[in-house]
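The block underneath contains the structure these notes are about, expressed in structure tokens.
The values are calculated or read from the model by the stated rules, or taken from the named source; none is laboratory data. As the structure is a prediction and not an experimental result, all values here were calculated from the model. Reconstructed Cβ throughout: ideal geometry from the backbone, glycine too, with neighbour counts over all protein chains shown. Just so you know, the surface numbers come from the protein's heavy atoms only, side chains and all, with ligands and any DNA or RNA stripped out. Shrake-Rupley method; radii C 1.70, N 1.55, O 1.52, S 1.80 Å.
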Amino acid sequence: MSMFDISERAEKYRAQLLEFMDSHVYPAEAVYDEQMRAAGDPHFQPPVLEELKAEAQRRGLWNLFHPYAEWGPGLTNLEYAPLAEIMGRSHLAPEACNCNAPDTGNMEVFTLFGTDEHKEKYLKPLLAGTIRSAFAMTEPAVASSDATNVELSMVRDGDEYILNGRKWFASNALHPNCTVLIVMGKTDPDAAPHRQQSMMVVPIDAPGVTVLRGLPVFGYQDREGHAEIDFANVRVPLKDVLKGEGEGFAISQARLGPGRIHHCMRAIGMAERALELMCRRASTRITFGKPIAANANIQDWIAEARIDIEMIRLLTLKAAYLMDTVGNKEARTEIAAIKVAAPNIALKIVDRAIQVHGGAGVTDDFPLAMAWAHLRTLRLADGPDEVHKRTLARQELRKYRDVKAGN
């Protein structure tokens, strides 16, 4: 028995989820496209998605990500990994099962650091899938890959804070059901670098909060939106500071570890679907009198894709296993490694699948072009590749800190 053997309950969920994908999710993709086109609004909530959510709830395929049994099935990271991978095969599945970013991370933050009022007002509706949320951390004016750069000011004024500044790439903020933001800003510029930031809960309709626009990503206006938001003298009561003043950086680290690995799990699922589409297309398209699949270079691509997927899956499972056994902090090297490896490898496989599809690959007739855009964006989301490589390099160099120059 290996450390990565899937548990009996996880295997049960896996079988149920695969059946749900085949019977409901994949067939819904064309309906979704039709409903979105008919609405003419890129941020419309199509009825088919609400139908999928109801069906997932009915089947018990709901809040699978949540580690606490009180709120979900209480699966470990290792048990959740293959399920997140399956959901990653379709852009509809994560929301259909209430396992979509950034809500998953926000639900964990509310679970760990929210007050009873926050849990009642926001956590419970999020867990029920009736509202959505956004996470406002990244800023247009500073390099937000270094979280200590965050500039949005949070100035204490009696029993309130006054927020001023601008955020962008607040994903989900244009979702019609989005009601609440978790906002990171600077409460004390004179404190130690990792104690300057705080996180606060801000209703999206609070006075002074203005959603300026949805940012296009490679020309796509994603349905949930990536919002640029202006905060002008927004008043936040003390009770809406999460965990306490100066705890923002610590919360962000607690939040982003699981979020990063969830992204990677879904990326593997997308890579698997791209490989499947590549094989189907290569087997059925004839060029110069033979199927594309008969060409040695295409066979190389298919073989390399299988090897690469198996490698990133194993590294992801190792990271999940370490998060379960020794904690997120001790697993940071593996989390950083997989956050670099998974999007890059999935991106390469999707790119080759596009090539095998020819002109069709860059259209919306197949999910590949949108998948490429999402995966390329993922090389920046939750920290760019370079920041994670820096983490890895520092961990390696630490082993040699006593080596003297010239030795």
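Just tell me the longest site-free run in the chain, where the sites are trypsin sites (Lys or Arg not before Pro) in a DSSP loop having at most 13 other beta-carbon atoms within 10 Å. Before the final figure, lay out each step's value.
Working: sites that count: K329, K399, R401, K404.
Here the longest run is 1-328.
Using the C-alpha atoms of segment 124-271, what convex hull volume per residue, in cubic angstrom, is computed?
Cα convex hull per residue, to the nearest whole number: 128 Å³.
How big is the Cα convex hull of the chain in projection, averaged over all directions, in nm²?
Details: hull surface 95.1 nm².
Dividing the Cα hull surface by four gives the mean projection, 23.8 nm².
Mind checking which aspartates and glutamates have their Cα closer than 20 Å to the Cα of K290? Skip sequence neighbours fewer than 8 apart in that chain.
Reachable aspartates and glutamates: E276, D300.
Taking the full set of protein chains and a 1.4 angstrom probe, give the accessible area of T187 in square angstrom, rounded to the nearest 10.
20
State to the nearest 20 debye the size of the charge dipole of the chain about its Cα centre, where the only charges are +1 on K and R beta carbons and -1 on D and E beta carbons.
Dipole of the chain, to the nearest 20 debye: 1040 debye.
Go ahead and estimate [θ] at 222 nm for the chain from helices alone: -39,500 (n - 2.57) per DSSP H run with n ≥ 4, summed, over the residue count, rounded to 500. Numbers along the way, then the final one.
Numbers: 12 runs with 189 residues, N = 407.
The helix-only estimate for the chain comes to -15500 deg cm²/dmol at 222 nm.
So, for the chain, what is the accessible surface per residue at a probe of 1.4 Å, expressed in square angstrom?
Accessible surface, normalised per residue, equals 45 Å².
Could you pull out every one of the aspartates and glutamates with an alpha carbon less than 15 Å from that of K389, ignoring same-chain neighbours closer than 8 positions?
Straight-line reach from K389, under 15 Å: D146, E334.
Keeping the other protein chains in place, figure out the carbon and sulfur percent of the accessible area of segment 16-128, with a 1.4 Å probe.
53
For segment 262-365, which whole-number percentage of the solvent-accessible area (1.4 Å probe, protein heavy atoms only) is attributable to carbon and sulfur atoms?
Of all accessible area on segment 262-365, carbon and sulfur atoms account for 55 percent.
With respect to the cross-link table entries K124/K239; K318/K404; K124/K339; K12/K119; K12/K318; K12/K339, which display a Cα-Cα separation exceeding 23 Å?
On the way: K124/K239 18 Å; K318/K404 34 Å; K124/K339 30 Å; K12/K119 30 Å; K12/K318 21 Å; K12/K339 28 Å.
In this structure, K318/K404; K124/K339; K12/K119; K12/K339 exceed 23 Å between Cα atoms.
How far is the Cα center of segment 5-73 from the Cα center of segment 367-407, in Å?
That distance is 32 Å.
With an 8 Å cut-off on Cα pairs and a minimum separation of 6 or more residues, tell me the relative contact order of the chain in percent. Don't jump to the answer; show the numbers that get you there.
Numbers: 667 pairs, mean separation 56.6, N = 407.
Relative contact order comes out at 14 percent.
Of E120, E55, E79, which is the most mobile in a GNM of the chain whose springs link Cα atoms less than 10 angstrom apart?
Ranking E120, E55, E79 by mean-square fluctuation puts E120 first.
At a probe radius of 1.4 Å, what is the per-residue accessible area of V326, in Å² to the nearest 10?
90
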